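Asks: One structure, pasted below without further comment.
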Amino acid sequence: MTGVAERITGLVGALRAHGLRIGTGESVDAARAVEALGLADRELLREGLAATLLHGPGQRAVFDPVFDLYFLPRAVGGPQGAGQDRDELRDRLAQALAGNDQALMARLAAEAVDGLGGYGSSPGSDGFSAYQTLERLRPQTLLARVRADVRGRDGSGAGFTDRLLDDEIRRRIEEFRRLVGAEARRRVAERRGRDEIARRGVRPTADRVDFLFAGRDQLAELRRAVQPLARKLATRLAARRRRAARGSVDLRRTLRSSLSTGGVPMRPVLRRRRPVRPELVLLCDVSGSVSGFSDFTMLLVQALHDQFSKIRVFAFVNRLDEVTGLLDHGRADPDGLGARIRAEATLTGWHGSSDYGVALGEFAERYGDAVGPRTTVFVLGDARTNMSDPNLAAVREVARRARRVYWLNPEPRAQWGTGDSAAPAYADLVEMHECRTARQLSALIARLLPV
């Protein structure tokens, strides 16, 4: 059982490294689940550990590949070597897919990685690639063949329409692709260490992916997470507002009141705050890779619209335009926000590169009345000016008028000031924060948004 305990500890440690909150009690429950379920049925064990360790279905994308590293044994069937016949392997795979034979698919995944996924001749090379294996085997091209096999098996596909049958076969193919990925990771882990691969070789959850490198699917997943995240942030902001409404201690009135109790301040007198909902202005760079960061932040802030008396949103590349109306509550299509802004707003002039100086100057000149003593301004962007004038005077003017100005920069702090970055110059005038992931953004929003 010592080896199993080490696996559980490694699994929990790797999941924690990916940001999953797992306490001691949940770890104990996981050990009890392993004891009760045993190791024979790996899929049953997978579901049991997921039930004890995870807090939502969104965490399965991290859990499943990590589980495979710690609890998926080497598939039986033996390596076939580099001479493995690709056509013969495809024939056997088509049969396994048609019969939905999970055990055979696991064996074929191991054989495919052995025969088709190897690369590198040096002893220190990792040696196996799931991508290379699947590119050579191309299981997705077996759909028509498997459909015909299923139809021909004593009418076993009679309960499916063609569309439903195709969907089921695609699901089986996707399961085989997952098995290939798990097998390749396991092989690499044998050489480089299971713990290292679990921490570095598993795709992180969407909220921990760098905005500048997030793919289309990851950005779409983040957009779908806006409403649940906004509800959590609204709860935190409401709690902060309740604490702030109680007010701070009025020292003069407290000391005066303490005269009746011999100078002992038995009853502190609070300086009450008049509850006034603040105003919020967003200035969003929507050029290039920064656009994913700006789009997500705009959606998140719009989802929090009830927390503010007024929200105004402006987008820019080298021209600036107000886009508040495109984010009206109830009409926003999260996946189409960026396209709507680019189609309906005037964001560029005579060229298509970002120009912070011109855009910020246009905001100060045309929309200066949007900023007042109750206004908090957030600037979203990487502060890369393409060697143009950063127009620090416009930033000073906005900072002079506003209650607070915060700049959220999606680039790593180490890159501020490199190349055409004017981040240090802007940071001397306003408070600038590194904001590279959705996790960082939610923490900053909860801390910086006014109440």
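Asks: Would a scan of region 317-326 turn up a residue that is within 19 Å of Ala214 (Cβ to Cβ), touching a residue at least 24 places away in the same chain (Cβ under 8 Å), open to solvent by 10 Å² or more (accessible area, probe 1.4 Å) and out of contact with any Asp or Glu (no Cβ under 9 Å at 6 or more places or on another chain)?
Replies: The answer is no, given that none of the residues of region 317-326 is within 19 Å of Ala214 (Cβ to Cβ), touching a residue at least 24 places away in the same chain (Cβ under 8 Å), open to solvent by 10 Å² or more (accessible area, probe 1.4 Å) and out of contact with any Asp or Glu (no Cβ under 9 Å at 6 or more places or on another chain).
Asks: Would you pick out the residues in region 33-56 that are farther than 24 Å from Ile197 by Cβ and part of a helix (DSSP H, G or I)?
Replies: The answer is Glu35, Ala36, Leu37, Leu44, Ala51.
Asks: Given the criteria among the charged types (D, E, K, R), open to solvent by 60 Å² or more (accessible area, probe 1.4 Å), touching a strand residue (DSSP E or B) at 6+ places or on another chain (Cβ under 6 Å) and without any contact (Cβ under 8 Å) to a residue 24 or more places away in the chain, does Arg447 qualify?
Replies: Working: among the charged types (D, E, K, R): yes; open to solvent by 60 Å² or more (accessible area, probe 1.4 Å): yes; touching a strand residue (DSSP E or B) at 6+ places or on another chain (Cβ under 6 Å): no; without any contact (Cβ under 8 Å) to a residue 24 or more places away in the chain: yes.
For Arg447, the condition - among the charged types (D, E, K, R), open to solvent by 60 Å² or more (accessible area, probe 1.4 Å), touching a strand residue (DSSP E or B) at 6+ places or on another chain (Cβ under 6 Å) and without any contact (Cβ under 8 Å) to a residue 24 or more places away in the chain - is not met.
Asks: Taking the options Ser129, Ser122, Ser156, name whichever one is modelled with pLDDT of 80 or more and farther than 18 Å from Leu104 by Cα.
Replies: Working: Ser122 fails: modelled with pLDDT of 80 or more; Ser156 fails: modelled with pLDDT of 80 or more.
So the residue among Ser129, Ser122, Ser156 that is modelled with pLDDT of 80 or more and farther than 18 Å from Leu104 by Cα is Ser129.
Asks: Can I ask one more? Residues of region 241-273 being open to solvent by less than 60 Å² (accessible area, probe 1.4 Å), modelled with pLDDT under 75 and not aliphatic (A, V, I, L, M), which ones?
Replies: Correct list: Arg241, Gly247, Asp250, Ser258, Gly263.
Asks: Only one of these is touching a helix residue (DSSP H, G or I) at 6+ places or on another chain (Cβ under 9 Å), closer than 20 Å to Tyr131 by Cα and modelled with pLDDT of 75 or more: Arg223, Arg194, Arg231, Arg178. Name it.
Replies: Residue meeting the stated conditions: Arg178.
Asks: Could you tell me whether any residue of region 295-302 is at pLDDT below 90, open to solvent by 40 Å² or more (accessible area, probe 1.4 Å) and either in contact with a Gly (Cβ under 9 Å, 6 or more places away or on another chain) or on the phi < 0 side of the Ramachandran plot (or both)?
Replies: no
Asks: Of everything in region 208-225, what is within 14 Å of Gln440 (Cα to Cα), in a helix (DSSP H, G or I) and open to solvent by less than 50 Å² (accessible area, probe 1.4 Å)? Give them in sequence order.
Replies: Phe211, Leu212, Leu222
Asks: From Ala14, Ala30, grab the single residue that is open to solvent by less than 10 Å² (accessible area, probe 1.4 Å), more than 22 Å from Glu221 (Cα to Cα), touching a residue at least 40 places away in the same chain (Cβ under 8 Å) and part of a helix (DSSP H, G or I).
Replies: Result: Ala14 is the single residue among Ala14, Ala30 that is open to solvent by less than 10 Å² (accessible area, probe 1.4 Å), more than 22 Å from Glu221 (Cα to Cα), touching a residue at least 40 places away in the same chain (Cβ under 8 Å) and part of a helix (DSSP H, G or I).
Asks: Every residue in region 353-384 that is assigned to a loop (DSSP other than H, G, I, E, B), open to solvent by 60 Å² or more (accessible area, probe 1.4 Å) and of a type outside the set (D, E, K, R), please.
Replies: Listed by number, the list holds a single entry, Pro373.
Asks: Among the listed residues Ala427, Ala402, Ala393, which satisfies the condition of being aliphatic (A, V, I, L, M), open to solvent by 10 Å² or more (accessible area, probe 1.4 Å) and in contact (Cβ under 8 Å) with a residue 60 or more places away in the chain?
Replies: Unique residue meeting the criteria: Ala402.
Asks: Here is a further query. Does Ala438 satisfy the condition of being in contact with a helix residue (DSSP H, G or I) (Cβ under 8 Å, 6 or more places away or on another chain) and surrounded by 17 or more Cβ atoms within 10 Å (Cβ to Cβ)? Working first, answer last.
Replies: Values: in contact with a helix residue (DSSP H, G or I) (Cβ under 8 Å, 6 or more places away or on another chain): yes; surrounded by 17 or more Cβ atoms within 10 Å (Cβ to Cβ): yes.
Yes.
The values are calculated or read from the model by the stated rules, or taken from the named source; none is laboratory data. Keep in mind the model is a prediction, meaning the values are calculated, not measured. Methodologically, a virtual Cβ is constructed for each residue, glycine included, from the backbone with ideal geometry; neighbour enumeration extends over all protein chains shown. All accessible areas refer to the heavy atoms of the entire protein, side chains included, with ligands and DNA or RNA removed. Shrake-Rupley method; radii C 1.70, N 1.55, O 1.52, S 1.80 Å.
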